[in-house]
Amino acid sequence: MEMNQETAKQQLEMINEIKTQTKRVVAAEITCKYLILWGLALILGYLVAHVYYSKTSQWLIDFCGRGDEGTIWFVIMGVFGIINYVITKKDLKSGAVRPTDSSRSPKQMFWFWMVLGIYAFIALSVLAPSKGIQVNAFMIVTGMFSYVIMGIWGGEKILIWLGIIITANTLIGYFILPNYYYSIWMAVMAGGVMASAGLFGKIFWAVKS
């Protein structure tokens, strides 16, 4: 009888381990899917911004200020935000994401990014940066800080490393490179790195796990 109880206990532990491992794989695949999505958003945003500044006369840029670039980013992020919402709804419907999972609650994640955006806007209002590149660098660094915190909190190393690497690339682009090359640099070293990390994780995570 004791042997049967011991065997049952081992089998139960094995089942729990399989369930935990499965949840980690599913969570990783979902994370990687969103990394690809927002990596593409950054690539598109930076490339469009670069073309805007390359093809627009300097006097018009000076006249319009950074408002037009802000509109460009607002539209692109808005479109990808809608795509993100549709994907999340699909994941909820399929059961890949459960509303009861606190670490994966779409509602919590939505409000997290909303509050972060509000506080970032407040910080920008206080700091009052004079250049669009300053605003952009600040927003990227703030977002990557959030990635690092989420990675630490949720135990996802990919978010931690991604946050650190893209933060470092942003600082290089802002402090070292000429402003003209900033958008191209960030398209590759921010958006490209994020999308590549998501693609790499989606392809190899299941095998690695």
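Listed values, structure above:
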read-out	value
Selection within segment 113-133 - of a type outside the set (A, V, I, L, M) and touching a residue at least 40 places away in the same chain (Cβ under 8 Å)	LYS131, GLY132
Residue tally, condition farther than 24 Å from LEU44 by Cβ and in a helix (DSSP H, G or I), over segment 165-209	6
Any hit, segment 115-131, residues being within 20 Å of PHE74 (Cβ to Cβ), of a type in the set (Ser, Thr, Tyr) and touching a helix residue (DSSP H, G or I) at 6+ places or on another chain (Cβ under 9 Å)	yes
Residues (in a helix (DSSP H, G or I) and not small (Gly, Ala, Ser)) located in segment 151-164	ILE152, TRP153, LYS157, ILE158, LEU159, ILE160, TRP161, LEU162, ILE164
Residue match in segment 145-155 (condition: at pLDDT 80 or above, farther than 22 Å from CYS32 by Cβ and surrounded by 12 or more Cβ atoms within 10 Å (Cβ to Cβ))	no
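The values are calculated or read from the model by the stated rules, or taken from the named source; none is laboratory data. As the structure is a computational prediction, the values presented were derived from the model and not from experiment. Cβ sites come from the backbone with ideal geometry, for glycine too, and all protein chains shown count toward neighbours.
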